[in-house]
1. Would you mind finding the one in HIS72, HIS15, HIS52 that is within 24 Å of LYS357 (Cα to Cα) and not hydroxyl-bearing (Ser, Thr, Tyr)?
2. Looking for whichever is outside any loop (DSSP other than H, G, I, E, B), exposed (fewer than 15 other Cβ atoms within 10 Å of the Cβ) and among the basic types (Lys, Arg) here; the options are LYS357, LYS330. Which one fits?
3. Anything in the stretch 379-407 that is farther than 18 Å from THR418 by Cα and surrounded by fewer than 17 Cβ atoms within 10 Å (Cβ to Cβ)? List them, or say none.
4. Among the numbered conditions (1) farther than 20 Å from GLU419 by Cα; (2) free of Cβ contacts under 8 Å to residues at least 12 places away in the same chain, tell me where GLY249 comes up short.
5. Got at least one residue in the stretch 107-130 being open to solvent by less than 20 Å² (accessible area, probe 1.4 Å), among the polar types (S, T, N, Q) and either at pLDDT 85 or above or assigned to a helix (DSSP H, G or I) (or both)?
6. Failed condition for ILE260, given (1) open to solvent by 30 Å² or more (accessible area, probe 1.4 Å); (2) hydrophobic (A, V, I, L, M, F, W, C); (3) out of contact with any Ser or Thr (no Cβ under 7 Å at 6 or more places or on another chain); (4) at pLDDT 95 or above, with all others met?
7. With the structure loaded, tell me whether ILE166 is in contact (Cβ under 8 Å) with a residue 40 or more places away in the chain, crowded, with 22+ Cβ neighbours inside 10 Å, in contact with a helix residue (DSSP H, G or I) (Cβ under 9 Å, 6 or more places away or on another chain) and among the β-branched types (Val, Ile, Thr) or whether it fails that test.
Amino acid sequence: MAEPSKVIHIRNVGHEITEADLLQLLQPFGSVSKLVMLRGKNQALLQMQDIHSSVSALQYYSGVQPSVRGRHVYMQFSSHQELTTDQSSHSRNSDQESEPNRILLATVHHVLYPITVEILHQVFKAYGYVEKIVKFQKSAGFQALIQYQSRHEAVEALAALHGRNIYDGCCQLDIQYSNLSELQVHFNNERTRDFTNPSLPTEQRPRPSQQGFPDPGGLYPFQQPGGPYSQTGRAATIAAAFGGTLPPGVTGTNERCTLIVSNLNTDKTNEDKLFNLFSLYGNIVRIKVLHNKPDLALVEMADGLQAELAVNYLKVATLFGNKLDVNYSKYPTITPAPDAHDYINSGLNRFNTNVVKNYRHCCAPTKMIHVSALAQDVSEEALLAHLSEHGSIVGTKLFEVNGKRQALVLFESEEEATEALVSKHATPLEGSTIRISFSQMQSL
């Protein structure tokens, strides 16, 4: 075997295999920093963030035959220790480029999180004035057309964003110039947006036969929905984070984002504590405790899959002595209001980064909590003093991962661990704001 390297050499890569397929094979082991597709040789070179990640991947695939789209592929360490920028497909070959144009075509690979018009606008507006956006589904996956005011802005955006991830570890941008001269946008809605004309109407909801990503006015020809990142395909991608299948009871097809939580302990529960609990399963948009029924709360999550995970895992949860009842609400969203707490821009939303890892760690409440972001010199006594008011602690274990101080804390019951999590997540301890989640480990 060749000397260990961050670069993995993959053979038997057929023309039907995409960059996204290879990323799905290797991103569970760590971040992929560079990727070269050697189409003429049916090979690929892929550079992991560190040697530990590449060694873990090759150790795993030495016992499991990797297969992509029905084709076996073969992996080994490359003789390259690093891929240069020129080698990487993050720098496009000139013969593959279209003539520079103010309209960009962006394909998003390895989609593990919803990509909205607002998210695309936030990403691309950093490089100039974005006039219009059209997003749609094609056989290549999720795609979008982004029209800038000038060609110079589009050139800067392509140079800066091609090959970058929108979220940590996923949603990689593959950008090229479009051959269109102008986007024709007739509606401002979740699929198309004209930022120069905010008075455009919204489109009526599509008929059932048109569900998915309908053709936006025939602007760009594409196949019918059902590509790898349609609703079903996205659930399959998420399933990979859980080891190949979605958790029992989770279908991946739910589209309802707002939950109603009842039987709350009105003396001890508030919006922030509910946020700390429900954010384990996805990003939170808003939470509203009903003042006329203070034992009820509405929780709006970022998408239907995350809402389904929360329902699935919290159906047996007990919080402050009360067994929670978590169901889907009849309301599609929570209307912004003074009594509705807005978390959409909160830096405490867990799924803004490390998306795959966060899905992988989803579970029902356990007796064991994992505490991270600890101060390097924190003592076991300080940790116990911070958490012991919430129940009987059976044991603790302090350790380091990649130089970062972490801990496992075992309580006598799931209820005590849940109370500690909702009360002490994102609280300061010896100068650091700690993060708490449930651990699936059974013992210390």
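1. Working: HIS72 fails: within 24 Å of LYS357 (Cα to Cα); HIS15 fails: within 24 Å of LYS357 (Cα to Cα).
Matching residue, one of HIS72, HIS15, HIS52: HIS52.
2. Numbers: LYS330 fails: outside any loop (DSSP other than H, G, I, E, B).
The conditions single out LYS357.
3. SER379, GLU380, GLU381, ALA382, LYS397, LEU398, PHE399, GLU400, VAL401, ASN402, GLY403, LYS404
4. (2)
5. Yes, some residue in the stretch 107-130 is open to solvent by less than 20 Å² (accessible area, probe 1.4 Å), among the polar types (S, T, N, Q) and either at pLDDT 85 or above or assigned to a helix (DSSP H, G or I) (or both).
6. The failed condition is (3).
7. Values: in contact (Cβ under 8 Å) with a residue 40 or more places away in the chain: yes; crowded, with 22+ Cβ neighbours inside 10 Å: no; in contact with a helix residue (DSSP H, G or I) (Cβ under 9 Å, 6 or more places away or on another chain): yes; among the β-branched types (Val, Ile, Thr): yes.
Considered against the rule, which asks whether it is in contact (Cβ under 8 Å) with a residue 40 or more places away in the chain, crowded, with 22+ Cβ neighbours inside 10 Å, in contact with a helix residue (DSSP H, G or I) (Cβ under 9 Å, 6 or more places away or on another chain) and among the β-branched types (Val, Ile, Thr), ILE166 comes out as no.
One line per residue, one yes/no per condition, for (1) modelled with pLDDT under 80; (2) outside any strand (DSSP E or B); (3) not small (Gly, Ala, Ser):
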{"position": "PRO4", "(1), (2), (3)": "no, yes, yes"}
{"position": "HIS9", "(1), (2), (3)": "no, no, yes"}
{"position": "GLY14", "(1), (2), (3)": "no, yes, no"}
{"position": "ILE17", "(1), (2), (3)": "no, yes, yes"}
{"position": "VAL36", "(1), (2), (3)": "no, no, yes"}
{"position": "ALA44", "(1), (2), (3)": "no, no, no"}
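The values are calculated or read from the model by the stated rules, or taken from the named source; none is laboratory data. Quick caveat, the model's predicted, so the values are computed rather than measured. Cβ sites come from the backbone with ideal geometry, for glycine too, and all protein chains shown count toward neighbours. Calculation scope for accessible area: heavy atoms of the full protein, side chains included, ligands and nucleic acids excluded. Shrake-Rupley method; radii C 1.70, N 1.55, O 1.52, S 1.80 Å.
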